[in-house]
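A quick write-up on the structure given underneath.
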Amino acid sequence: MTSLTDRKNAAISRGVGMTTQIYADRAENAEIWDKEGNRYIDFASGIAVVNTGHRHPKVITAVKAQLDRFTHTCHQVVPYETYVHLAERLNALAPGDFAKKTIFVTTGAEAVENAVKIARAATGRQAVIAFGGGFHGRTFMGMALTGKVVPYKVGFGAMPGDVFHAPFPIELHGITVEQSLAALKKLFAADVDPGRVAAIIIEPVQGEGGFYPVPPAFMKALREICDQHGILLIADEVQTGFARTGKMFAMDHHEVAADLMTMAKSLAGGFPLAAVTGRAEIMDAPAPGGLGGTYGGNPLGIAAAHAVLDVIAEEKLCERAEQLGGRLKQRLAAIREQAPEIVDIRGPGFMNAVEFNDVKTNLPSADFANKVRLIALDKGLILLTCGVHGNVIRFLAPITIQDNVFAEALDILEASILEARG
């Protein structure tokens, strides 16, 4: 009999990489069972998509109810009230004491594309600045903004122009806030007139780049630079949003607000939905018809998103994220003496990561991180690596994970790290 892996290799482009060879059969909250009946604890959540857990009952109930009414009309052709109401809710929730408006699209990359379009329409400028290590999607503009070549850009030719990169401040890797700001100043002097820059885009906590939070002083300085030069600040909250960091949005941890925010992933609890929310006058810059998409704001995704927002509030998931993240970081800190490969434990709320170096060279060790991942997988725990050097394990379990399942996962994690040392 041909295996599923053989069938996959014969039928699907090798460009679609796979972290595991687990073929899901069913899932519930923080657990997945594969086609062979094996159980796994899910610390990936479809890459931060099911913050409210797999198949949360309220999300499933909302989607089933919508299925009985209609599944698609295209909001630009026949609109529906639920789209309008979700926009109202996001406008109220997004940080910033100013009037806001929202559009819905389908993916995080599409949200980023539209944020750039809106910024260019609003400012009449073209250039965009992003940061090293940032990830903003796999479309051409998304790839151009992304600050990592392999595997995202390699082999795909020229990227769109007028995109510039500055170093992201990571003191662990020798880049201070002052150095990043100096590099930005040098960029303005040597490469692009700030009067041509439409927007600066940044993840409040880098996702693929390694779960490095933006230092508050840096975000505040970016806001001041944007205000000084008439540049718009875009916060890419695709991975950080919806209670993951202990706040509804990661920008809630900062004293300043972005002009535009992109969001997706956990917005609809597993259903494809993304959004751009921003200052009303900026969001209104594009002409009618300039924004949209056939599937943007699909009714099923909209229904799921309403349920997700309800669950976050009713189950106090922001507070829950802080509790879970605290327990995880405490457990990792407790084994640090036994595992000197651990050089950093970080992350707000339940958006946490552990970084590993080689103990002999003190250089980033992707091999050790991947070894931990594979040992954990063999023990039934799904983990994801990330980081420019591939030496970071990020933790993205559902915030609704049961206490006993979480405790079991922490035991597996500790055993995997210690076993990897052997």
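Placing dummy labels 7 Å off each Cα toward the beta-carbon, the span from Gln402 to Gln21 is 3.0 nm. Calculate log10 I(q)/I(0) of the stretch 116-266 for q = 0.09, 0.16, 0.17, 0.19 Å⁻¹, where I(q) comes from the Debye formula with a single equal point scatterer on each Cα and nothing for solvent. Reported log10 I(q)/I(0), two decimals: -0.25, -0.85, -0.98, -1.25.
The value of relative contact order for the stretch 223-329, using C-alpha pairs under 8 Å at least six residues apart, is 27 percent. Here the chain is treated with +1 on each Lys and Arg Cβ and -1 on each Asp and Glu Cβ, and its dipole about the Cα centre works out to around 620 debye. With the highest mean first, a sort of the peptides 133-146, 240-253 on other beta-carbon atoms found within 10 angstrom per residue produces 240-253, 133-146.
Tell me, what is the percent relative contact order of the stretch 1-107, built from C-alpha pairs under 8 Å that lie six or more residues apart? Let's see the in-between values first.
Details: 61 pairs, mean separation 13.5, N = 107.
Over the stretch 1-107, the number comes to 13 percent.
Between the stretch 115-162 and the stretch 377-413, the alpha-carbon centres lie 30 Å apart.
The slack between Ala313 and Glu419, meaning 0.36 nm per residue of separation minus the straight C-alpha distance, is 34.2 nm.
Report the far tail of the P(r) of the stretch 206-293, meaning the percent of Cα-Cα pairs longer than 21 Å. All intermediate terms of the calculation are to be shown ahead of the outcome.
Working: 1395 of 3828 pairs.
Tail fraction, whole percent: 36.
Each principal axis of the stretch 310-398 carries a Cα extent, and these read 48, 25, 24 Å when sorted largest first. Within the stretch 136-207, the ratio Rg/Rh, alpha carbon atoms throughout and Rh by Kirkwood, equals 0.97.
With all projection directions averaged, the alpha carbon convex hull of the stretch 274-314 covers 3.8 nm². Surface composition of the stretch 181-269: carbon plus sulfur atoms contribute 51% of the solvent-accessible area (1.4 Å probe, protein chains only, all chains present).
Restricting to bridges with both residues inside the chain, how much of the DSSP beta-bridge set is antiparallel, in percent to the nearest 5? Don't jump to the answer; show the numbers that get you there.
On the way: 32 of 48 bridges.
Around 65 percent antiparallel, to the nearest 5.
In a simple Cβ point-charge model (Lys, Arg +1; Asp, Glu -1; nothing else charged), the stretch 185-231 has a dipole of about 140 debye relative to its Cα centre. For the chain, the solvent-accessible area with a 1.4 angstrom probe is 43 square angstrom per residue. Set Lys and Arg Cβ to +1 and Asp and Glu Cβ to -1, take the dipole of the stretch 286-336 about its Cα centre, and tell me which of Ile312, Gly301, Leu324 lies farthest positive. So the residue furthest toward the plus end is Leu324.
Along its three principal directions, the equivalent ellipsoid of the stretch 166-239 from the Cα gyration tensor extends over semi-axes of 20, 15, 11 Å, largest first. Holding the Cα-Cα limit at 22 Å, pick out from Lys35/Lys58; Lys64/Lys265; Lys153/Lys360 the pairs that are longer than that. Table pairs above 22 Å Cα-Cα are Lys35/Lys58; Lys153/Lys360.
Ranking request for peptides 349-360, 17-28, 220-231, 372-383: highest mean number of other beta-carbon atoms within 10 Å first, then the rest in descending order. Don't skip to the end; give the middle numbers.
Details: 349-360: 22.2, 17-28: 13.2, 220-231: 16.8, 372-383: 19.8.
Peptide ranking by packing, descending: 349-360, 372-383, 220-231, 17-28.
Amide hydrogen proximity for Val105: with H placed 1.01 Å from N in the peptide plane, the residues at 5 or more positions away or on another chain lying under 5 Å are Ala274, Ala275, Val276, Gly297. With the charge dipole of the stretch 258-386 set up from +1 on Lys and Arg Cβ and -1 on Asp and Glu Cβ about the Cα centre, the Cα lying farthest toward the positive end among the listed residues Leu384, Ala280, Ser365 is that of Ser365.
Each Cα pair under 8 Å and six or more residues apart adds its sequence gap; the mean of these over the residue count of the chain is a relative contact order of 22 percent.
Here is the size of the stretch 1-108 from its Cα atoms: Rg then Dmax, 19.0, 61 Å.
At 0.36 nm per residue, minus the direct Cα-Cα distance, what do Asp284 and Ala334 gain on full extension? Give it in nm, one decimal, please. Can you show the working numbers first?
Working: separation 50, 0.36 × 50 = 18.00 nm, distance 5.13 nm.
Value of the extension gain: 12.9 nm.
Across the chain the C-alpha pair distances fall into 10 Å bins from zero in the proportions 5, 22, 32, 27, 13, 2, 0 percent.
Separation of the stretch 1-79 and the stretch 195-256, taken as the distance between their Cα centroids, equals 29 angstrom.
The values are calculated or read from the model by the stated rules, or taken from the named source; none is laboratory data. The model shown is predicted, which means the values in this text are computed figures rather than measured ones. Here the Cβ is made from the backbone with ideal geometry for all residues, glycine too, and neighbour counts use every protein chain on show. Accessible surface is based on the protein model in full, side chains and every heavy atom, while ligands, DNA and RNA are left aside. Shrake-Rupley method; radii C 1.70, N 1.55, O 1.52, S 1.80 Å.
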